[in-house]
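The next block holds one structure in the form of structure tokens; read it before the comments.
Each reported figure results from applying straightforward, stated rules to the coordinates on display, with no laboratory input. Note that the structure is a prediction, hence the values are computed from the model and not measured. Note that each Cβ is placed from the backbone with ideal geometry, even for glycine, and that neighbours are counted across all protein chains shown.
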Amino acid sequence: MAKLYFYYASMNAGKSTTLLQADFNYRERGMETMLWTAALDDRYGAGQVTSRIGLMAEAHKFSPDSDIWAESMAEHARRPLACLLVDEAQFLTREQVFQLARLADEANIPVLCYGLRTDFAAQLFPGSAALLGIADALVELKAVCECGRKATMNLRVDEQGRAVVEGAQTEIGGNDRYVAMCRRHFMQKRREVSDA
């Protein structure tokens, strides 16, 4: 029986690299895969899963109104899919997460989702909340804080490197906008701004 997996971590933990490695492993054995990524994440080009170490693959784009079930089943009819891999899974809607669960349960296609657990204010993303609630397997990937401890938080920073404590939940950016930190240093950096 296929399962729905959620691999989560802070920024810079190698989520996209791990996804691309899993995709390679399937394809190396002659199996068909389908990659998905959020349409709004165009840092490296729209419709691409790109890792910071230079690996890249083309992917189908999802937006809030995408019917991932229907599109994946249409693709599955053309070529039997052995696995679905979803990058930036935090941007999925709750309904889309349930569509992915249906693909695992009814179409017997394993679904591997990779994404952030929380935003810059330590709030769950909708897609992550749904995945944490219904995924068959939860796997935390490890990032490292500047102090050497496990980084679990995503600190949004401004152009001067100061913590940003207010703003929209989603602001696309990389190392120029976000720093992975342990909870202690995340809270400390946010307090420095709030106390100023």
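Quick check on the exposure proxy: order Trp36, Trp69 from fewest to most C-beta atoms within 10 angstrom.
The order, fewest Cβ neighbours first, is Trp69, Trp36.
If you rank Ile134, Ile68 by fewest surrounding Cβ atoms within 10 Å, what's the result?
Fewest-to-most Cβ neighbours within 10 Å comes out as Ile134, Ile68.
Provide the gained length on full extension for the span Asp195 to Phe24, in nm with one decimal, where the gain is 0.36 nm per separating residue minus the Cα-Cα distance.
56.8 nm
For the chain, count the residues as N, evaluate 2.2 N^0.38 Å, and divide the Cα radius of gyration by that value, please.
Rg over 2.2 N^0.38 Å, computed on Cα atoms: 1.04.
Which cross-chain or sequence-distant (5 or more) residues have an amide H under 5 Å from the amide H of Cys83, H modelled 1.01 Å from N in plane?
Answer set, sorted by chain and number: Met34.
Can you work out the FRET efficiency for the pair Ala137 and Glu75, with r the C-beta to C-beta distance and R0 = 22 Å, to the nearest 0.05?
0.40
Please give, to one decimal in nm, the separation of the simple spin-label points placed at Leu40 and Met187, each 7 Å out from Cα toward the Cβ.
So the label points at Leu40 and Met187 sit 2.9 nm apart.
Determine the distance separating the Cα centre of the range 51-86 from the Cα centre of the range 91-167; give it in Å without decimals.
The distance from the Cα centre of the range 51-86 to that of the range 91-167 comes to 18 Å.
Could you calculate the contour length gain from Val165 to Met31, that is, 0.36 nm times the residue separation minus the distance between their Cα atoms, to one decimal place in nm?
Full-extension gain reported as 43.8 nm.
Kindly state, to the nearest 0.05, the FRET efficiency for Glu106 paired with Glu146, given R0 = 35 Å and r defined as their beta-carbon distance. Can you show the working numbers first?
Numbers: r = 45 Å, r/R0 = 1.28.
So the FRET efficiency works out to roughly 0.20.
Amide H to amide H, which residues 5 or more places from Tyr7 or on other chains are under 5 Å from it, using H placed in the peptide plane?
The list, which skips near neighbours in sequence, is Cys113, Tyr114, Gly115, Val139.
Out of the DSSP beta bridges found with both residues in the chain, what percent are antiparallel (nearest 5)?
In the chain, DSSP labels about 35 percent of beta bridges as antiparallel.
For a quick check: sort Cys83, Cys113 by the number of other beta carbons within 10 angstrom, fewest at the front.
Cys83, Cys113
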